[in-house]
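Take a look at the structure below.
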Amino acid sequence: MYCLNCGKKNDIDALFCENCGARLIIPASSAQPTPASAVSSAAQSTSSTAASGAPSASTSISAAPTAPGTRSAQHARQNAQPRSTSKLSWVILIVVLAVALGGGYYWLEHQRQSNSTATTTAKSSSRTATSEKAESSSSSKASASTATQTALWSTTKSSELASFMSSWQDTMNQSYEGTYDGQSVTIGELNLPSDIKNNQYQDKITVNGDTVKLKWTTAADTDAKYQVVAAATDPNASSGVITYLYVFHNGSPDVLVSQDSATATTFNFTSSQNTDLQDGFAKIANAD
């Protein structure tokens, strides 16, 4: 017997398909034939009725029904039936697999793009940080280079200036007190080097009539326009008070002089015209 659901062949007396579990429908051909005795009795009754010529109720009894078609024909009809349920299951399975594969590919592609973007961002950030660090380092080096120059002055040169001034003042018949001897220079309200060191000179000193920025230094290794390394004064001068500032103006040695009186509130300095003084200071300043 063949299952109408899946087409599996089963035992003739099976009630359920051993393959899919569907209930088996017994075909008409498997019905029990009419017993031979019944057929024989029916035939005898018919013969008696025919011989007597009288109608009888038994004449209404028909012969046993003819068996339907053969088993092979039944099998052919069963196999010809559509297997819609089985086909639908396969279609559903294929659709599910297609969706799963498509979703998996999309997820993997998304992850790849995300990782690629993250890697690119990380590399870009790293390059930016490296570039900023390099720029910062270059800027720091440039600032350090600008702020700290080669020293143009030293304690040795300061001692040489003291010796020079001691000799030069004798030729000038003058007497100077200087910071190169470890002394402070005071003229009226101006005190050196403290006023310059403490930035209290702005209203007291001008150069060529202009307010300038001065920096007191013992090494002359800064980028200041006027670096002052020493000061001296002759308070006993006959014409005003002679005051000298020994400076590096834009890196070049120069001696500035003021002859304002001690009562002045502002002392104006100009470049000294005394060539011996200028040459003596320049020789010391430019020595190795």
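Laboratory data are not the source of any read-out in this text; all were calculated from the coordinates shown. No experiment lies behind these values; they were computed from the predicted model shown. A quick note on method: Cβ atoms are made from the backbone with ideal geometry, for glycine too, and the neighbour counts reach across all protein chains shown.
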TODO: Residues in the range 235-254, backbone N under 19 Å from the label point at Lys197 (7 Å along the Cα-to-beta-carbon vector): list them, ranges by number please.
DONE: 244-248
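For the pairs Lys197/Lys225; Lys8/Lys87; Lys157/Lys283; Lys204/Lys283; Lys157/Lys215, flag any whose C-alpha to C-alpha distance is greater than 21 Å.
Working: Lys197/Lys225 15 Å; Lys8/Lys87 16 Å; Lys157/Lys283 10 Å; Lys204/Lys283 30 Å; Lys157/Lys215 18 Å.
The answer is Lys204/Lys283.
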TODO: Using Cα centres only, tell me the gap between the range 145-214 and the range 265-288 in whole Å.
DONE: 10 Å
Open item on the list: Can you pull out the trypsin sites (Lys or Arg not before Pro) in the range 166-221 whose DSSP state is coil and whose Cβ has at most 16 other Cβ atoms within 10 Å?
Closed with: Lys213
Task: Distant-in-sequence amide H partners of Asp221 (H built 1.01 Å from N, under 5 Å) - done: Leu152
